[in-house]
1. Hey, what's the chain come to in accessible area per residue, 1.4 Å probe, Å²?
2. Explain nothing, just the number: dipole magnitude of the chain about its Cα centre with +1 on each Lys and Arg Cβ and -1 on each Asp and Glu Cβ, in debye rounded to the nearest 20.
3. Using alpha-carbon pairs under 8 Å, 6+ residues apart, how would you state the relative contact order of region 34-178 in percent?
4. Isolated Cys in the chain by the 4.7 Å beta carbon test?
5. Return the loop-located chymotrypsin sites (Phe, Trp or Tyr not before Pro) in region 122-189 (DSSP other than H, G, I, E, B) with at most 15 other Cβ atoms within 10 Å of their own Cβ; answer none if there are none.
6. Using only Cα atoms, tell me the angle between helix 139-150 and the longest principal axis of the chain; keep it within 0 to 90° and round to the nearest 10.
7. Compute the angle between helix 62-91 and the longest alpha-carbon principal axis of the chain, please, reported from 0 to 90 degrees and rounded to the nearest 10.
8. Whenever you get a sec, compute what percent of the accessible area on region 15-133 sits on carbon and sulfur atoms (1.4 Å probe).
Amino acid sequence: MHHKHLSMLFPCITGGTGSVVGNPFDVMKTLAQTNSKSSVPLTQLVGNMYKDQGIQGFYRGVEVNIMRACVLNATKMGCYDVAKGAVSQKTGWSRKDPRTIFCSSFIAGFFMTITVAPLDMIRTKLMNQPTDKKIYSGFRDCLTKTVQKDGVLSLWRGFVPIWARFAPQATLQLLTIEFLYTSCGFKGI
């Protein structure tokens, strides 16, 4: 398998695995953050979820969470790699130059936002359903209802704040990983 494919495959695997493990905590976080009726303790939210939906309630939205993680990580690493080549070629900076890494990370953060924002929207809606009933039967149902009600562009609602989070996060992650690779004698991305 070619290096370019692996730079997208491995992040998908790690992101997907992390999503399965972390999904129950994402569900609880989303319920706690959107609990507007009164301050319900986390233990009560967990109890209500288990009573109403069993263990599977903690995994609602897991399919979109896995898709999101795969898309996010593959986009970050794939776009970063391609952007590094383009930035290096256009500017004459080396691929290891911090300016190349910074610009490429910023570009990757933008494309991460484009690809992940719709999945963030659907994931949040799926996880935010009441514990005692389901508004959406799954990813496809939620996507269809959202687009029918609010239009396709609603999937990118919150684009600027998401990008404002992804751009610095991707930049710091990729600057750090490049530094660590170089410090340990490995070839950079």
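1. That works out to 57 Å² per residue.
2. In total the dipole reaches around 200 debye.
3. 29 percent
4. Those would be Cys79, Cys103, Cys142, Cys184, since no other cysteine Cβ in the chain comes under 4.7 Å of theirs.
5. Phe186
6. Result, in degrees: 90.
7. 20 degrees
8. 64 percent
The values are calculated or read from the model by the stated rules, or taken from the named source; none is laboratory data. Everything numeric here is computed off the predicted structure, so don't read it as measured data. Here the Cβ is made from the backbone with ideal geometry for all residues, glycine too, and neighbour counts use every protein chain on show. What goes into the accessible areas is simple: the full protein's heavy atoms, side chains included, and nothing from ligands, DNA or RNA. Shrake-Rupley method; radii C 1.70, N 1.55, O 1.52, S 1.80 Å.
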